[in-house]
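*Asks:* Right, I'll just put the structure down here and ask away after.
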Amino acid sequence: MTDSKRDNLFANPLGKVSGFVFDQAVVDVFPDMISRSVPGYETILSHTGELAYRYVQPQTNCYDLGCSLGASTLAISQRVADRDAKIIAVDNSSAMLEKCASILAASNTSAEIQLINGDICDIEISNASLVVMNFTLQFVPLAQRPQLLEKIYQGLNPGGCLIISEKLSFEPESLNTLLSELHHDFKRAQGYSDLEISQKRDSIENVLVPETLETHIQRLRACGFQSASPWFQCFNFCSLVAIK
């Protein structure tokens with residue numbers, strides 16, 4: 001997909017671990033970082049494309065909110081390029097979008113794609129048959145999440161599909177600890193050291209705020225979605241599909 005470097009951002013001891021930001025240093029290693037950090041990421045990407053094939057309608061809009069380097073956008077475009085649908089990819093990191101633009105330019109997609117540098121909470125959603133938030137909502141402030149989902153629901157056409165992929169928290173705490181430890185074992189198997197795992201955890205704490213699966217489903221149903229269910233889970237990572 002891109003000439004990504006190996007993620008070693010947290011490989012050396014840091015005197016002070018700063019809060020995680022999607023800056024140029026992260027952009028340079030992002031594909032390696034996410035594939036080695038999120039179990040099932042490639043499965044989620046490929047089935048984002050499959051769900052797009054099922055739900056995207058001609059002359060409608062598809063939204064990739066928090067598009068990062070455009071992996072979900074490309075997965076969608078490869079399945080619906082012939083449907084006269086527009087893909088609107090949004091991210092608030094200019095470094096991400098700059099790299100995303102170069103990746104899309106080098107791809108073979110013929111789909112119409114618009115890149116927007118902005119806050120997804122401020123973006124208008126309209127005439128949408130598909131909205132995707134793959135590991136995005138977890139970075140939105142808790143107080144803004146209900147309003148964002150309500151806006152998405154209102155902007156989706158009847159029968160439209162919302163995909164949300166997230167890191168989850170669990171109750172009781174013993175289960176949360178177990179799944180977190182299994183995730184850390186996964187990261188060790190991908191070559192991350194205990195130091196890297198610890199420093200990354202400190203960096204992302206209070207930046208990425210997970211919620212329970214029950215919270216996600218209840219909020220989606222409160223918006224009015226006729227169905228909301230997980231379709232994939234590995235450890236404490238999950239992808240949900242909701243249909244209007």
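The values are calculated or read from the model by the stated rules, or taken from the named source; none is laboratory data. Small disclaimer: the values here were computed from a predicted structure and weren't measured. Ideal geometry is used to build each Cβ from the backbone, glycine not excepted, and the neighbour counts take in all protein chains shown.
*Asks:* Taking region 189-205, which residues are free of Cβ contacts under 8 Å to residues at least 24 places away in the same chain, assigned to a helix (DSSP H, G or I) and within 20 Å of the chain's Cα centre (by Cα)?
*Replies:* Across region 189-205, the qualifying residue is only ARG201.
*Asks:* I would also like to ask the following. Which residue, of GLU171, GLU196, GLU214, is surrounded by 17 or more Cβ atoms within 10 Å (Cβ to Cβ) and among the acidic types (Asp, Glu)?
*Replies:* Only one candidate passes the filter, namely GLU196.
*Asks:* Let me ask something additional. Please work out which residue is nearest to VAL21 (Cα to Cα), limiting yourself to region 138-151 and to residues that are touching a residue at least 60 places away in the same chain (Cβ under 8 Å) and surrounded by 16 or more Cβ atoms within 10 Å (Cβ to Cβ).
*Replies:* PHE139
*Asks:* Restricting attention to region 90-103, report how many residues are of a type in the set (A, V, I, L, M), closer than 15 Å to PHE30 by Cβ and touching a helix residue (DSSP H, G or I) at 6+ places or on another chain (Cβ under 7 Å).
*Replies:* Number satisfying all stated conditions: 2.
*Asks:* Please determine, by comparing only the residues of region 108-124 that are buried (at least 21 other Cβ atoms within 10 Å of the Cβ) and over 17 Å from the mean Cα position of the chain (by Cα), which one is modelled with the lowest pLDDT. Explain how you work it out, then say what you get.
*Replies:* Keep residues of region 108-124 that are buried (at least 21 other Cβ atoms within 10 Å of the Cβ), which gives 111, 113, 120.
Subset that is over 17 Å from the mean Cα position of the chain (by Cα): 111, 113.
Details: ALA111: 94, ILE113: 97.
The residue in question is ALA111.
*Asks:* Could you check region 163-188 and list, in sequence order, the residues that are outside any helix (DSSP H, G or I) and in contact (Cβ under 8 Å) with a residue 12 or more places away in the chain? Talk me through it step by step, then tell me what you get.
*Replies:* Of all residues in region 163-188, those outside any helix (DSSP H, G or I) come to 163-172.
Within region 163-188, ILE163, ILE164, SER165, GLU166, LYS167, LEU168, SER169, PHE170, GLU171 meet the criteria.
*Asks:* Turning to a different aspect of this structure: From (1) surrounded by 13 or more Cβ atoms within 10 Å (Cβ to Cβ); (2) among the hydrophobic types (A, V, I, L, M, F, W, C); (3) more than 22 Å from the chain's Cα centre (by Cα), pick out the condition that doesn't hold for LEU208.
*Replies:* Unmet condition: (3).
*Asks:* Do the conditions hold for LEU182, that is, is it surrounded by fewer than 17 Cβ atoms within 10 Å (Cβ to Cβ), closer than 25 Å to SER46 by Cβ and within 17 Å of the chain's Cα centre (by Cα)?
*Replies:* No; evaluated as a whole, the condition is false for this residue.
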